[in-house]
Every structure is written in C-alpha cells, then in structure tokens.
1. Could you derive backbone 3J(HN,Hα) for segment 163-170 from the dihedral phi with the Karplus parameters 6.51, -1.76 and 1.60 (θ = phi - 60°), listing whole Hz in sequence and x where the residue is Gly or Pro?
2. Would you mind pulling out the separation of the Cα centroids of segment 138-172 and segment 257-319, in Å?
3. Calculate the all-directions average of the projected area of segment 264-356's alpha-carbon convex hull, and give it in nm².
4. Would you mind classifying segment 138-259 by shape? Square roots of the alpha carbon gyration tensor eigenvalues, ordered a ≥ b ≥ c; an a/c under 1.5 is rounded, otherwise it is prolate if a/b is larger than b/c and oblate if not.
5. What's the ranking of 316-322, 255-261 by average number of surrounding C-beta atoms within 10 Å, highest first?
6. Which residue fluctuates the most in the chain, going by a Gaussian network model with Cα springs under 10 Å, if the choices are Ile312, Ile279, Ile343?
7. Residue by residue through segment 261-275, what is 3J(HN,Hα) from phi via Karplus (6.51 cos²θ - 1.76 cosθ + 1.60, θ = phi - 60°)? Round to whole Hz and write x for glycine and proline.
8. Give me the percent of DSSP beta bridges within the chain that run antiparallel, rounded to the nearest 5.
Amino acid sequence: MSEEEDFNRAKNTEYLRTWERDQTAFGVDFMVCTDLKTAENIVRIIGLPAAIDVDPFAGGLVQMAEFELPEDSPVVGQTVAEADRFESLTFVGLFRNEEMILPRGETDIVAGDRAVVIGSPESIQLFAKDIAPQVTLDSTDDIVILGGSEIGYQTARLLEERELAARIIEQDTGRAQWLAENLPKTIVLEHDGTDTEFLTREHVDEADIVIAALDSDEQNLLISILAKRLGVDRVFSIVDSPDYITLFQEIGIDVAINPRTVTAEEIIRFIYESVAENIAVLENDQAEVLELELNETSRLVGKPIKDLVKEIEGQFVIGAITREQSLISPRGDTVLEPGDHVIMLVEMEFASELASFA
C-alpha cells in the first residue's frame, strides 16, 4: 500500500455514491459508508438463523459463519467429529471465553462456545438448523427496528429488497414522515421506542427479531434489555463504543454490532487486496479468515495439507478450497494447486506472514 493513500469514512450514502461515480472526488483513494456496511452486516446475519456473524467468500460459493452455542443446543456435549455431519462444512475455530481453540475431531463442544464454520451456504444453513432447530427462516417474518437512524433506514431498505418488510419505530415526527415516504413496504410508527406499554400494545413482544438502532449506546442498551424482558427471540443492537460490546453480550443480547469494527474490516480488505481476495476479522482481532488465490510459486502448493500444518509455524485451519468454480472440502491428504482459492482461519499475529505464502 502506498503511504500516500487516503481513506474516508462517510456516514451519508450520497457521498459514497458520488465517489463511486468519480473516484477522484473528495481526494481519497477509498471510501466506506459506515452505516450502509453496518446495515449490510445486519441483513446478512438475519438471513442465517442463529448466527452472530456471517461473511461470503469466493464470490458467494463459500460462507464463513459464527454461532454461539447455548446450553440447550443439540451439539453441546458432542465432539467436533460428532457435530461435523455435513460434507461441505469444516469447523475452523472455537472461541471459549477469551481463548481461541483450533478444533480437532476429539475436541469437546461446551455451552457458550462460539463456533466458526466455513463451507457452502447450503451446508451452513443445514448446520444452523442442526444447532438451533427452534430457529428457522420463518423466524424472520416479523422484524422490528427501534430507531429510524441512518442504520435503521438502510437496514429496512435492504430488507425490502429481500422481500422482508419490517416495522420501524421512530419518535421524531419529521424523521418518521421521511422514512414513511422512502420505505414503501415498511410500516413506520411514530412513538418512543422505550415505551413498554406501547411496545406491548404493538405486539413487539411477539417479534422474531428486534434491532436496536438508536443514536446512543445507552438507549440501545435500554431497549435491548426491554426487548429481551418482553420475550423477543433474537435481539440485535448497534454498539458504537467497542468497550461496551462485551457488556451487551454478557447481558444476553444476541448480536452486538460495532460500526467501527465493520469499517475497520473494510479498510483492512482494501489495504491487503493485493495479497488477499477477502478478509473477515473475528472476536476482537483474535483471528482472521483469509481468502488467498495461490500462484505457481506459492509455498502452499504441491503438498498435502497435513504436511503444511506440520511445516508452517502459526495456528491456521483451511476451511474450504474453490477450484475452477467448484467447492472442495479440505482433508489431510488434499493437495493445493495453482489457481486454487483457499479460505482459512488464521491467528491474527500470523495472518500477514501466511498471506505472503500465497
């Protein structure tokens, strides 16, 4: 990356649209719209029941997904070998408290683990149903967004594109009117989203998903707690301060999304686009998922994966390989070839070095 490259984080999507039409605009090399990217992240996770993080790789042939496993999940108490029942899916990581575990077949799965899997979208959907059979795609029929912020608006707009209409509760009269005019398939309710009686009257307690998208962490925390107490199945919350993410998770909020983290991930993708096709950052920078395209001189080419694991220092697990637009599930005797796209989980401090091997 050139030392002279400049980045810009925009809140307003109009700035992004202007820059996309003319990339000399504003004098920056890369622009990311924080609110739009955050909304895209929310909608991806909504599309995969029970997930807390989702990222596509290899042009959509592969997905990475992270799931938190509750005590009543059918896979808790099993080994990874017992839980890994899908042909095109690989367990690549378990996060237990603050520890990252690279799973082996005999690794036990315990309640509270956050499991990271890589595989085909179809196999990951099946895995989601397996670990949380009570949560299905039908469980996304009733979505309530508390707060008509830019993130709330962009989320509703993207849901409309997927034929998943939502309800937005927005207190400000002018903003509520604007939302109603610009979201034809979304029901906009002008009211205080922290009013418990109103939420009950509008049957928010029966919603499948509630998204807290107000302008402050304190307000989002309050309405997230209210939604949980009302009995909402899944609660998402925007958390602007990274210091608060753990707090939201500890009190039982299902998905806490930090816009700064989403933005940082986009910038990392731009910085490393010459060496990695795609990157996802996991668990407060503990690990990365990398997509690498291998060339003929790659250190990873020509050897079985089991030999690479022995030879290369640093923790990594290969989760999927795409070869000529076909998905290959990696096994110990799989030999990587030039042109392969390899999607792997890597410990953070080793990510740059491993990327250089491609």
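Rule-based calculations on the coordinates, nothing more; no lab input. Quantities reported herein were computed from a predicted structural model and do not represent experimental measurements. All Cβ positions, even for glycine, are placed from backbone atoms using ideal geometry, and neighbour counts span all protein chains on display.
1. So the J values, rounded to whole Hz, are 6, 10, 6, 10, 10, 10, 10, 9.
2. A separation of 33 Å, based on Cα centres.
3. Values: hull surface 23.1 nm².
If I average the Cα hull's projected area over directions, I get 5.8 nm².
4. Numbers: a/c = 1.44, a/b = 1.34, b/c = 1.07.
Taking the square roots of the gyration eigenvalues as a ≥ b ≥ c, segment 138-259 is rounded.
5. Details: 316-322: 23.3, 255-261: 20.6.
Result, highest mean first: 316-322, 255-261.
6. Greatest mean-square fluctuation among the candidates belongs to Ile312.
7. Couplings: 5, 4, 5, 4, 5, 5, 5, 4, 4, 5, 4, 9, 5, 6, 10 Hz.
8. On the way: 44 of 67 bridges.
Expressed as a percentage, antiparallel bridges in the chain total about 65.
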